[in-house]
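The values are calculated or read from the model by the stated rules, or taken from the named source; none is laboratory data. Computed from a prediction, not measured in an experiment: that's the story for all the values here. All Cβ positions, even for glycine, are placed from backbone atoms using ideal geometry, and neighbour counts span all protein chains on display.
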Amino acid sequence: MPGPSTLKKPRQKKPPTPKGTKVPSAHDLDPENKWGLNKNKKRVEYKQLTKAEQKNFDEFQNNIHNKGLHPSEAAESWDANYRQLQGGHNQYEIRLSQHNRATFTVDEANKMVHLLQVGGHT
């Protein structure tokens with residue numbers, strides 16, 4: 001018969017998040033110190049991405065939305081070539097691949113990134 005130290009305790013499951021419930025981001029929890037991401041689908045133009053491009057874009061989004069990182073830090077783990085566009089008022093882009101980019105504005109005062117286009121080449 002197994003001793004008390006060898007018995008496994010049943011894992012407790014987390015209750016599911018009800019549909020329509022927003023999981024708070026780092027920006028929601030501490031908006032003064034964390035960056036947020038606005039991806040208003042009415043304003044953002046999305047193009048088809050490869051799996052590798054989507055992985056880079058997902059990492060970028062998650063680093064901003066969940067970790068509250070500045071967009072330049074959010075794209076540091078790959079060759080994103082984070083840069084400000086010429087003539088674009090606070091408009092920036094990152095390289096998702098050789099062919100596709102993500103374009104966005106950076107609102108430093110409110111610590112908010114507003115996506116403009118995902119995919120395509122600017």
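Looking at the range 39-63, which of its residues are under 17 Å from VAL106 (Cα atoms) and surrounded by 13 or more Cβ atoms within 10 Å (Cβ to Cβ)?
LYS39, VAL44, PHE57, PHE60, GLN61, ASN62, ASN63
Read through the list (1) closer than 15 Å to GLY36 by Cβ; (2) among the acidic types (Asp, Glu); (3) crowded, with 17+ Cβ neighbours inside 10 Å, then give the number of the only condition that GLU93 fails.
Exception for GLU93: condition (1).
Restricting attention to helices (runs of 4 or more DSSP H) lying wholly within the range 15-122, give those where 1 or more residues are modelled with pLDDT of 85 or more and acidic (Asp, Glu). Reasoning before the result, please.
On the way: elements: 26-29, 51-65, 71-74.
Passing ranges, in order: 51-65, 71-74.
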